[in-house]
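Comments concern the structure below.
The values are calculated or read from the model by the stated rules, or taken from the named source; none is laboratory data. Treat the numbers as computed from the prediction; the structure is a model and nothing was measured. A quick note on method: Cβ atoms are made from the backbone with ideal geometry, for glycine too, and the neighbour counts reach across all protein chains shown. These area figures cover heavy atoms from the full protein model, side chains too; ligands, DNA and RNA do not enter into them. Shrake-Rupley method; radii C 1.70, N 1.55, O 1.52, S 1.80 Å.
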Amino acid sequence: MSTVTFRIFRGDRNGGELKDYTIEVQEGMVVLDAIHQIQAEQAPDLACRWNCKAGKCGSCGAEVNGKPTLMCMTRLDTIDTSKPVTVRPMKTFPVIRDLATDVKWNYEANKKIKPFTPAPNTDWIMFQEDVDRVQEFRKCIECFLCQNVCHVLREHDEKTGFIGPRLLVRTASLEMHPLDVENRLDMLKNEGGIGYCNITKCCTEVCPEHIHITDNAIIPLKERVVDEYYDPILGFFRRLFGSKKQAQTPSSGQAADD
Amino acid sequence: MESYTIHDYDVLVIGAGGAGLRAAIAAIEQGAKVGVVTKSLLGKAHTVMAEGGMAAAMGNVRPEDNWKVHFRDTLKGGGMLNNWKMVENYTKEAPDRVRELEQWGAVFDRTPDGRINQRNFGGHSYPRLAHVGDRTGLELIRTLQDHAVKMGIHAHMETTIYRLLTDAGRVVGALGFNRQTGDFLVFRAKAVVLATGGLGRIYQVTSNSWECTGDGFSLASMVGADLIDMEFIQFHPTGMVWPPSVMGILVTEGVRGEGGVLKNSEGRRFMFDNVPERYKGEFAETEEEAERWLQGDRNARRPPELLTRDVVARAIRKEVNEGRGSPHGGVFLDIASRRPADYIKKKLPSMYHQFMKLGNLDITKEPMEVGPTCHYVMGGVRVDPDTQATNVPGLYAAGEVAGGLHGANRLGGNSLSDLVVFGRRAGLAAAEYAAKQTGSYQVDEAQVRAYIAEALQPFNNPQGENPFALMKELRATMQKNAGIMREESELKAQLEILANLKKRAWNTSVSGSRAYNPGWHTALDMRLMVEISEAVVLAALARKESRGGHARLDYPDPDPTFAKINHIIRRKSDGTLTVVAEPLPEMPEELRKIAEAKDLKELSDKVGA
């Protein structure tokens, strides 16, 4: 047992300040346990969003000592607790209160993505090797940590012309579904703003589900957009024979396979 | 005077987990105007935590499997206390509901010939669980979420329902508040579907997320709906036991389904010694036979680690009680020595990460330490098996909050398909009922005002108690006195404790603003949690036997007189709860033959395939 000070943001949309809370911590505790202990004993109105406490729901994202993370998966023995531990809400989204942020923009931006559209009269036969990639993307728990660190959203607040890594991953999961026939390249190029991403991989670094967001989702989608709109030779044939949805295998095959 | 906004719907769905979303989709398809209320953000409901898979007799891996075998397995697991009509509806429809999810975009693991793969699970005679690694619940909820958004769902996120509203004995809506702002909302609706999930948070050690505070049971009971068999609480055999802050977090049964074995501190696979009479002859009798089963020998029987959850949970408790437990009070679950590291990481990725991250343990190298954790409630709001209608007009219930399907004990994998089968049925029936309601709807303003005043009372009560401390007391006492092993004296003591807690739940004090105030939320949750805890304890006192999820130390064996009754928990006109024993509905002869079949071959359409 030892004593640790947590320096927690208290405030709302109009601003706030860091306040110190000192508690006794025990072996195995995670940051979320500390927040709960502070709520129960010292600050019953300390707002924090959480659901499962098992890294499966993605509700408790916050910035611990400046690092975006799920509080339920951050053990105190993996961070320096000899100094005060700073806990702040995700910066990219407006604060509701304390550690809870308003993430509804993600739900709105999501509506720009055309839903799953299966081929008519499909027999629903798919092989595991063809769904492996899509299953990687579908591991996403919508914690929005990738949206939080993406500099396009975080530094430039570009929330009208860009959908961010989470929604690019969702688009990839649909575009690379073996039986989907919808074309989302126009959306990606225009209101999706895939061109804003300059592949700094910050999103991949913070993903608690270890999804290779940049290499496996965004880069292949960028390639498809480039092929569709900027390749002069393909463009020539397209003018001759008309445009259609790209075949699945070529660009997903090119993706990094680590 | 406190203001509130009014929303009008044909169907109001309370809860946005698997059952709620499926109900909303079904009702929208009927043309109803549907509102969905969720305490959390969309897509975060407890359904995301379901790991192993969804049971449906599709026969993709073993063509011998069909609804009849699933029917028999479910009734057998439930100690024959299940509502047979619900089980029939469920087992017949589950495969269609799984295929429908695939057509809405779910991406299940595949068989070598490209169809939906199915895995083994406790209590299921054949590999039957459609799954996606160990994150099947996430796949289910995300698919339903996406499809509901496509259908134009109207969701009120982070909104808590405090009370159902009634008019002349019918449910006509609900009163709630937005958690983000603390503002009150009145929902006027012709029909209400409860899809609020379970009650695990009334126990100290639970796998349930914070939302599972039993709201739906209490809300329904307070407006006169019957509850059924609330004594049957499932303790999942394998929760994490170490470190203390993760106690209760689930370790999926998929670990055992993929070949994981349970051992005590002496290294003995103790489940071979714990096969109950009714399962004799169906499980491997030697480690050698279990090993052959793992290697795919179809003539070998399943290992006893795949017995039903009540059997495994009590066997673990016995090992611990008799001094053969692991260092932190559980037993060992070993997959490391059974499967290659790559296989484990592929089939059980969340488990691998969960133990690595929270327990600092590599499950591909070392065994896990596991013990029982409160996981599920088989009992719930009593519903019609075809329509999910409760006995209160206008009120429907589906998913974990509804009782009847699982009897005394639920088979793993039977809840995810329960959600979609009965979520759909509830949504359809509620929309049909709503369409028939042509008269005027009155929400009683005085009723609304009184509830709002009640809900705000903790802010005006500076001398009241800390709601968090009260909640801790409730959970600790329920764990001790009404937990996995029960006896009369403790249950009676718990009733007194609950009477006391009930008074104190109305005398809490909270500070700060109403915006996103967890102290206030906890104070209001407590009021509903004491109500449902009382129903659990009363039903447990009445059932003087051990069966399924309900184990009595003072009555350790099943008693035939209790084999043919359900417990109905009913609110009397003075507001107190009473337990009434009611005979089981009579099962038709042809179903009884299926339920009691000894030989699986009799039930198989394709023998020896």
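Above 45 angstrom, tally the Cα pairs of chain B and express them as a % of all pairs, no decimals. Tail of P(r) above 45 Å: 13 percent of Cα pairs. Once the C-beta distance of residue B:442 and residue B:593 is scaled by a Förster radius of 45 Å, the resulting FRET efficiency is 0.35 to the nearest 0.05. Within segment A:2-101, all pairs of alpha-carbon atoms sorted by distance into 10 Å bins from zero give the percentages 17, 54, 28, 1. In the distance distribution for segment B:462-609, Cα-Cα pairs more than 21 Å apart total 59 percent.
Taking amide H atoms as placed 1.01 Å from N in the peptide plane, the amide H of residue B:62 has no partner under 5 Å among residues 5 or more positions away or on other chains. Which whole number in µm²/s is D for the protein assembly as shown by Stokes-Einstein, with the Kirkwood Rh taken over Cα pairs at 10 °C and 1.306 mPa s? Diffusion coefficient, whole number: 57 µm²/s. Helix screen, chain B: DSSP H segments with Cα axial length of 27 Å or more and mean Kyte-Doolittle hydropathy at least -1.0 are B:414-436, B:518-542. Report the residue, chosen from A:176, A:90, A:29, that carries the largest GNM mean-square fluctuation when chain A is represented by alpha-carbon nodes joined by springs under 10 Å. Fluctuation is largest for A:29. Each of residue A:182 and residue A:128 was given a label point 7 Å from its Cα along the Cα-to-Cβ line. The distance between the two points is 2.9 nm.
Helix A:128-137 axis versus longest C-alpha principal axis of chain A: approximately 40°, rounded to the nearest ten.
With a Förster radius of 30 Å applied to the C-beta separation of residue B:356 and residue B:96, the computed FRET efficiency comes to 0.20.
For the protein assembly as shown, the share of DSSP beta bridges that are antiparallel, to the nearest 5, is 70%.
Label sites at residue B:278 and residue A:2, each approximated as a point 7 angstrom past Cα along Cα to Cβ, lie 5.2 nm apart. Counting only other chain Cβ atoms within 10 Å of each residue's Cβ, the peptide B:176-185 averages 1. Report the FRET efficiency, 1/(1 + (r/R0)^6), for residue A:196 and residue A:241, where r is their Cβ-Cβ distance and R0 is 45 Å, rounded to 0.05. E(calc), rounded to 0.05, equals 0.90.
Just need the Rg to Rh number for segment A:103-241, please, alpha carbons only, Kirkwood Rh. Radius of gyration relative to Kirkwood radius: 0.98. Over the protein assembly as shown, dividing the summed -39,500 (n - 2.57) contributions of all DSSP H runs of at least 4 residues by the number of residues returns a 222 nm mean residue ellipticity of -10000 deg cm²/dmol. In segment A:2-101, a dipole from Cβ-located charges (positive for Lys and Arg, negative for Asp and Glu) runs towards its positive end, and of A:25, A:9, A:101 it is A:101 whose Cα lies farthest in that direction.
Using the charge dipole of chain B (Lys, Arg: +1 at Cβ; Asp, Glu: -1 at Cβ; taken about the Cα centre), state which of B:561, B:199, B:587 has its Cα farthest towards the positive end. Value: B:199. In plain terms, the C-alpha convex hull of chain A casts an average shadow of 16.0 nm² when viewed from every direction.
The GluC sites (Glu not before Pro) of segment B:251-299 that DSSP puts in a loop, and whose beta carbon has at most 12 other beta carbons within 10 Å, are B:266. Of all beta bridges that DSSP places with both ends in chain B, some 65 percent have antiparallel geometry.
Each Cα pair under 8 Å and six or more residues apart adds its sequence gap; the mean of these over the residue count of chain B is a relative contact order of 22 percent. Using Cα atoms only, what is the angle between the long axis of helix A:219-229 and the major principal axis of chain A, expressed in degrees (0 to 90) to the nearest 10? Rounded to the nearest ten degrees, it is 40.
Per residue of peptide A:102-115, the mean number of Cβ atoms on other chains within 10 Å of the residue Cβ is 2. Taken one residue at a time, the phi angles of segment B:233-248 give Karplus couplings (6.51, -1.76, 1.60, θ = phi - 60°) of 10, 8, 9, 5, x, 10, x, 5, 10, 8, x, x, 6, 9, 3, x Hz. Gly and Pro are set to x. Cα extents for segment B:322-423 along the principal axes, largest to smallest and rounded to whole angstrom: 55, 36, 22. Distance from the C-alpha centroid of segment B:546-605 to that of segment A:104-148: 42 Å, rounded to the whole angstrom.
Counting only protein chain heavy atoms and rolling a 1.4 Å probe, the accessible areas of A:10, B:486, A:88 rank, largest first, as A:88, A:10, B:486.
Take the Cα of residue A:14, step 7 Å toward its Cβ, do the same at residue B:472, and the gap between the two points is 3.3 nm.
For segment A:103-241, relative contact order (Cα pairs under 8 Å, six or more residues apart, normalised by length) works out to 28 percent. Treating segment B:235-374 as a set of equal point scatterers at the Cα positions, no solvent, please give the Debye-formula log₁₀ I(q)/I(0) at q = 0.15, 0.19 Å⁻¹. Ignoring solvent entirely, the Cα scatterers give -0.69, -1.12. Put simply, the amide H of residue B:234, placed in the peptide plane, has neighbours under 5 Å in B:375, B:376, B:377, B:378, leaving out anything fewer than 5 places away on its chain. Normalised by the number of residues in segment A:2-101, the mean separation of alpha-carbon contacts (under 8 Å, six or more apart) gives a relative contact order of 35 percent. Per-residue mean of foreign Cβ neighbours for A:9-16 is 1 (Cβ atoms of other chains, 10 Å radius).
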